[in-house]
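Structure first, then comments.
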Amino acid sequence: MDRLIVARKLDSLRRCLDRVRERCPADVATLARDPDLQDIVVLNLSRAVQISVDLALHALSGLGQPAPETMGEAFDQLAGAGQIPVDLALRLRKAVGFRNIAVHNYSGIDWAIVHAIATRHLGDFEAFARAIGQPRD
C-alpha cells in the first residue's frame, strides 16, 4: 500500500468524523427539524463511508486481492484476509447501505438512524482506520 495515500485518506476520514461530532445535536428532534445540520451530518457520514471504501479497495489491491463486486464486499474481503474483524466488516457493510440511501434516496432518510450512527457508531470508522493504518508485512 502507498503509505502517503493511506495517510491522506485517514486524515480526511478523521476530519469527517470530527465534523459529525462537532455538528450533530444531542437529540434526534433537533436534527430532524434542522436541514443545515442534516446536510452537514449526512454529507460527512457519507464521505466517511466512501473514504473507508476507498481505503478498503486500496488495501485489497495491495494484498493482490480481486476487486469486489460491491462496496460492501470490500470489507468482507478484508475480513476474509484477516485484515479487519468480521464483526467490523458487517458494521461497515451496513454503513455502505446507509451511504446508498443518503446518496440515492435522500428524502427517505430516517433521522433517528442517522443520529444513532453519528452518536454511537463513529467508533467503527475509527477501528477501521486503526486496522488499515497499521503497517503490515
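If you count, for each residue, the other Cβ atoms within 10 Å and average over each peptide, how do 85-95, 28-38 line up from highest to lowest?
Result, highest mean Cβ count within 10 Å first: 85-95, 28-38.
Please give the helix 122-133 orientation as an angle from the longest Cα principal axis of the chain, in degrees from 0 to 90, rounded to the nearest 10.
Approximately 20 degrees, to the nearest ten.
How do the peptides 39-46, 2-9 rank, highest first, by the average count of neighbouring beta carbon atoms within 10 Å per residue?
39-46, 2-9
Points 7 angstrom from Cα along the Cβ direction at Val86 and Asp11: gap in nanometres?
Calculated label separation equals 3.7 nm.
Between Ser107 and Ala131, with labels modelled 7 Å along Cα→Cβ, what's the label distance in nm to one decimal, could you check?
Between Ser107 and Ala131, the label points sit 3.7 nm apart.
In Å and whole numbers, how far do the C-alpha atoms of the chain stretch along each principal axis, longest first?
48, 26, 22
Angle, helix 35-62 long axis vs. longest principal axis of the chain, Cα atoms, 0 to 90°, nearest 10?
10 degrees
Quick check: pseudo-label points 7 Å beyond the Cα along Cα→Cβ at Leu43 and Asp18, how many nm apart are they?
Rounded to a tenth, the inter-label distance reads 1.7 nm.
Rounding to the nearest 10 and keeping the result within 0 to 90°, find how far the Cα-based axis of helix 111-120 lies from the longest principal axis of the chain.
The helix 111-120 is inclined about 50 degrees to the chain.
None of the figures in this text is laboratory data; all of them are computed from the coordinates on show. What you see is a predicted model, and the numbers here were worked out from it, not measured in a lab. Every residue, glycine as well, gets a Cβ built from its backbone with ideal geometry; the counts of neighbours run over all protein chains shown.
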